[in-house]
Amino acid sequence: MIELRDVHRRYDRVHALRGISLDVEAGQRFGIVGESGSGKSTLVRLLAGLDRPTSGEISFQGQRIDGLPERKLGFLRSALQVVFQDPMGSLDPRMRVRDIICEPLGRTDRERAAELLAAVGLPADSGDRYPHQFSGGQRQRISIARALAPRPSVLVADEPVSALDVSVRKQILDLLADLVDRFDLTLVFVSHDLGVVRRVCDTVAVMRRGEIVERGEVAEVYDAPRHPYTRELIAAAPNLRAELARLRGGA
């Protein structure tokens, strides 16, 4: 589905990506994990065709996208959709939710909007309201609904739960896992927290300073990490796991 070969990205003196190569297969739940400044967001921008690599090749469904002009990226815009970290930063506060959801379609489709509101667990009358009238978790559900509107084959979730509290994070992660199965999506999930990635992904690549330092099946990487940096990420994850376990126990 997605192929990167020796991808580099420089910004003046900053070498944001250093020789990234990876494959994301159709139907895979692929996690990309690393701390702030590791290159995750740069990688997302390249995958979405919002930026170009300094060198290297990026292909989507067998077609090179790294050198294509914007006018030829229409197929990518509908097939790959991104859910960002801050829903308020990506939702137009002046638009009703129904119009926001249908924005990728270029027209308002009430039936499609109602279908997607139901899919993300929001009441039907949500379409008549504005983003500021919802909680943070609800706004992220709206963002997910908008991403699903053009029926993409790939969903890229860029730190989609990092701004939410623990209980809401669990709900959004469970929702994403359910939607990926229901709509037969390929998921690329980006996070600084390996514990969160473990909950929704089957494969993970660990990034540090623009490079992939470890990759493999999530369970194997989590249970037997080879790189010291991966062990640091795992050491930072237990608090979330314990809190989720406490919430499950009290449910």
Go ahead and run the numbers for FRET between E115 and R52, Cβ-Cβ distance against an R0 of 25 Å, rounding to 0.05. 0.10
Measuring from label point to label point, each 7 Å out along Cα→Cβ, what is the Q61 to F183 span in nm? 1.5
Report, in deg cm²/dmol and to the nearest 500, the calculated mean residue ellipticity at 222 nm for the chain, where each DSSP H run with n ≥ 4 adds -39500 (n - 2.57) and the sum is divided by the residue count. -11000 deg cm²/dmol
Scaled radius of gyration (Cα, divided by 2.2 N^0.38 Å) that the range 101-244 gives: 1.16
Using a Gaussian network for the chain with springs between C-alpha atoms less than 10 Å apart, which of these wobbles most: R146, R98, R199? R199
Which stretch or stretches of the range 125-142 have amide N atoms under 17 Å from the point lying 7 Å from S167's Cα along the Cα→Cβ direction? 135-139
Scalar couplings 3J(HN,Hα) for the range 190-197 by Karplus 6.51 cos²θ - 1.76 cosθ + 1.60 (θ = phi - 60°), nearest whole Hz, x for Gly and Pro, are 10, 7, 8, 10, 5, x, 5, 4
Kindly rank 5-14, 175-184 from highest to lowest mean number of other beta carbons found within 10 Å of each residue. 175-184, 5-14
How long is the range 2-250 along each principal axis, judged by its Cα atoms, biggest number first, in Å? 52, 49, 32
What helices does the chain hold that run 30 Å or longer along their axis, going by alpha-carbon atoms, with a Kyte-Doolittle average of 1.0 or more, using DSSP H for the helix calls? none
Considering only D202, D66, D165, give the residue with the highest GNM mean-square fluctuation for the chain, with springs between Cα atoms whenever their separation is below 10 Å. D165
Going highest first, how would you order 30-41, 226-237, 75-86, 185-196 by mean Cβ packing within 10 Å? 185-196, 30-41, 75-86, 226-237
Estimated vicinal HN-Hα couplings, Hz - the range 207-220 in sequence order (Karplus 6.51, -1.76, 1.60; Gly, Pro = x): 10, 8, 6, x, 10, 8, 9, 7, 8, x, 5, 4, 4, 5
Would you please give the FRET efficiency between L73 and D174, computed as 1/(1 + (r/R0)^6) with r the Cβ-Cβ distance and R0 = 41 Å, to the nearest 0.05? 0.80
What number, in percent, do you get for the relative contact order of the range 2-250 if the mean sequence gap of Cα pairs under 8 Å and at least 6 apart is divided by its residue count? 25
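Computed from the coordinates by the stated procedures, all read-outs in this text should not be read as laboratory data. None of these values were measured; they are calculated from a predicted model. With ideal geometry, Cβ positions are generated from the backbone for all residues, glycine too; neighbour counts draw on all protein chains shown.
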